[in-house]
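Colleague: Take this structure, written in C-alpha cells, and hold onto it; I'll ask about it next.
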Ligand SMILES: [Zn+2]
C-alpha cells in the first residue's frame, strides 16, 4: 500500500513552513521553510507559498501526483468555506484568498483553517488528545486561543469563532484588550501580559534581571528569558508569572465547569518553556473548579512541538 500523503502549511506572521505528511502516522517526510517577508503583495505571497511547497516535495522526493491534498493553518480569522484569510492583523492582511490559487495551481483539493484549530487537530490525531473524545487545547503565547473537541470532532460554533477563551472576561472593566473589550483573560495570563506588567513595575522603580532583555516599547519578553528568571528566583518575574498563571487557572476552572472535558491540553511557547506557569495554572484550575467536574480531569502539556502546525494543517485534508 502506498503511503497516504498530504501537504500541511503553517502560515505565520514571521515564517511559512510546509511539510509532506503521512496522514496515517503523522510522520513528516520532507519540509520547506521561508520567511513571510514584508510588505505583502498578494501574488508574491502565493508564489512564496508555492516555492515552500515545492521545496518540501523535493526534500521528500515525492511527486505531486502522490499528494492527496493541501491543508493550510493560518494565524488570524479565516473563512473556511471561501478559503480566505479574513483579517490577520499580525500579517497586515485582509481578505486574502489562499485556497483558490493553490488549488488551481496544483490541481488538488485545498483546505484552510486557523492555527489554533490545526494545532488542536494535530493533538487529536497524533498528540496528547489521542483516544480522548472530549478535550480542550489551549495555546498560550502572545495571545490565548483554544480548540474545543466534543465527541472527537472540532466544535466551531454558529459563526466559526468558538474557542476564543482569550477573550473570556475575568475582571469587569479591567485591562483594555486588543478585541475592544476590557478585562479579558489574555490581558492577564498571556506572555504579553506578563511582559507588560514587568515593564510597568520596572518603570515604577522595581528591579529585575530581565530589565535588559525586555523591549519596553513593544513589551516583548521571550519565554526562555522568563524561565531563566524563574530558575534564579527573580522576585518580580516570579510575581508576574504567579499572577498570570493564577488567572489562567481561574479561566480553566470556568471552562471545566462549563464543558466538563476529560482533558485540558496546554501548549504554546510560554507553557513549553515555563513549567512553573503550567504547574501553578494546573493547581489553580483543580482547586477552583467544581469537584465533581474536575475529579477525573487531566491537565497535560501538548505533545506536538515545532511541527504541530504542519502536521495539523495536513489533517484538514482528512477531516471534512
Ligand atoms: Zn479581548
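The values are calculated or read from the model by the stated rules, or taken from the named source; none is laboratory data. Source: prediction; values computed, not measured. Counting neighbours? That spans all protein chains shown, and the Cβs are built from the backbone with ideal geometry, glycine included.
Colleague: Can residue 63 be described as in contact with a helix residue (DSSP H, G or I) (Cβ under 8 Å, 6 or more places away or on another chain) and either at pLDDT below 95 or outside the structural domain of residue 19 (by TED's automatic domain parsing) (or both)?
Modeller: On the way: in contact with a helix residue (DSSP H, G or I) (Cβ under 8 Å, 6 or more places away or on another chain): yes; either at pLDDT below 95 or outside the structural domain of residue 19 (by TED's automatic domain parsing) (or both): yes.
Against the criterion (in contact with a helix residue (DSSP H, G or I) (Cβ under 8 Å, 6 or more places away or on another chain) and either at pLDDT below 95 or outside the structural domain of residue 19 (by TED's automatic domain parsing) (or both)), residue 63 qualifies.
Colleague: Restricting attention to region 7-25, report how many residues are more than 15 Å from residue 96 (Cα to Cα) and surrounded by fewer than 19 Cβ atoms within 10 Å (Cβ to Cβ).
Modeller: Going through region 7-25 one residue at a time, the tally reaches 5.
Colleague: Still on this structure, please answer the following. Of the conditions (1) assigned to a loop (DSSP other than H, G, I, E, B); (2) modelled with pLDDT of 90 or more; (3) within 16 Å of the ligand (Cβ to nearest atom), residue 178 clears all except one; give me its number.
Modeller: It fails just one condition, (2).
Colleague: Also, I was wondering about something else. Filter region 191-221 down to the residues that are out of contact with any helix residue (DSSP H, G or I) (no Cβ under 7 Å at 6 or more places or on another chain) and surrounded by 16 or more Cβ atoms within 10 Å (Cβ to Cβ) and list them by number.
Modeller: Answer for region 191-221, where residues must be out of contact with any helix residue (DSSP H, G or I) (no Cβ under 7 Å at 6 or more places or on another chain) and surrounded by 16 or more Cβ atoms within 10 Å (Cβ to Cβ): 192, 195, 196, 199.
Colleague: Would you check if residue 149 is buried (at least 20 other Cβ atoms within 10 Å of the Cβ) and more than 16 Å from the ligand (Cβ to nearest atom)?
Modeller: The answer is yes for residue 149.
Colleague: Answer yes or no: is there a residue in region 71-81 that is more than 20 Å from residue 127 (Cβ to Cβ), touching a strand residue (DSSP E or B) at 6+ places or on another chain (Cβ under 9 Å) and assigned to a helix (DSSP H, G or I).
Modeller: No, region 71-81 contains no residue that is more than 20 Å from residue 127 (Cβ to Cβ), touching a strand residue (DSSP E or B) at 6+ places or on another chain (Cβ under 9 Å) and assigned to a helix (DSSP H, G or I).
Colleague: Is it the case that residue 310 is surrounded by 24 or more Cβ atoms within 10 Å (Cβ to Cβ), within 16 Å of residue 130 (Cβ to Cβ) and either assigned by TED's automatic domain parsing to the domain that holds residue 188 or under 17 Å from the mean Cα position of the chain (by Cα) (or both)?
Modeller: No, not satisfied.
Colleague: Being within 14 Å of residue 149 (Cβ to Cβ) and in a loop (DSSP other than H, G, I, E, B) is the filter here, so list the residues in region 250-277 that pass it.
Modeller: Listed by number, the residues that qualify are 260, 261, 262.
Colleague: If you don't mind, there's one more thing I want to ask. From the list 95, 41, pick out the single residue that is surrounded by fewer than 15 Cβ atoms within 10 Å (Cβ to Cβ), modelled with pLDDT under 85 and more than 22 Å from the chain's Cα centre (by Cα).
Modeller: On the way: 95 fails: more than 22 Å from the chain's Cα centre (by Cα).
Sole residue among the options that is surrounded by fewer than 15 Cβ atoms within 10 Å (Cβ to Cβ), modelled with pLDDT under 85 and more than 22 Å from the chain's Cα centre (by Cα): 41.
Colleague: Considering each residue of region 46-58, count those that are buried (at least 19 other Cβ atoms within 10 Å of the Cβ) and either modelled with pLDDT under 85 or over 22 Å from the mean Cα position of the chain (by Cα) (or both), and give that number.
Modeller: Residues that pass the stated criteria total 2.
Colleague: Do you know which residues across region 282-303 are in contact (Cβ under 8 Å) with a residue 60 or more places away in the chain and either buried (at least 20 other Cβ atoms within 10 Å of the Cβ) or in a helix (DSSP H, G or I) (or both)?
Modeller: Start the filter on region 282-303 by keeping residues that are in contact (Cβ under 8 Å) with a residue 60 or more places away in the chain, which leaves 300-303.
Across region 282-303, the qualifying residue is only 302.
Colleague: Of all residues in region 213-261, which are out of contact with any strand residue (DSSP E or B) (no Cβ under 9 Å at 6 or more places or on another chain) and either farther than 19 Å from residue 192 by Cβ or not assigned by TED's automatic domain parsing to the domain that holds residue 163 (or both)?
Modeller: If the condition is that a residue be out of contact with any strand residue (DSSP E or B) (no Cβ under 9 Å at 6 or more places or on another chain) and either farther than 19 Å from residue 192 by Cβ or not assigned by TED's automatic domain parsing to the domain that holds residue 163 (or both), then 231, 232, 233, 235, 253, 254, 257, 258, 260 are the ones that fit.
Colleague: Also: When only residues in region 156-172 that are part of a loop (DSSP other than H, G, I, E, B), surrounded by fewer than 17 Cβ atoms within 10 Å (Cβ to Cβ) and within 13 Å of the ligand (Cβ to nearest atom) count, which is modelled with the highest pLDDT?
Modeller: 171
Colleague: Starting from region 166-180, keep only residues that are touching a residue at least 24 places away in the same chain (Cβ under 8 Å) and on the phi < 0 side of the Ramachandran plot, then list their pairs with residues that are assigned to a loop (DSSP other than H, G, I, E, B) and more than 10 Å from the ligand (Cβ to nearest atom) whose Cβ atoms are within a distance under 9 Å, requiring at least 6 positions of separation or different chains.
Modeller: 166/190
Colleague: As an exercise: evaluate residue 188 against (1) modelled with pLDDT under 95; (2) within 16 Å of the ligand (Cβ to nearest atom); (3) not in a loop (DSSP other than H, G, I, E, B) and give the number of the one condition it does not meet.
Modeller: Of everything listed in (1) modelled with pLDDT under 95; (2) within 16 Å of the ligand (Cβ to nearest atom); (3) not in a loop (DSSP other than H, G, I, E, B), residue 188 misses just condition (1).
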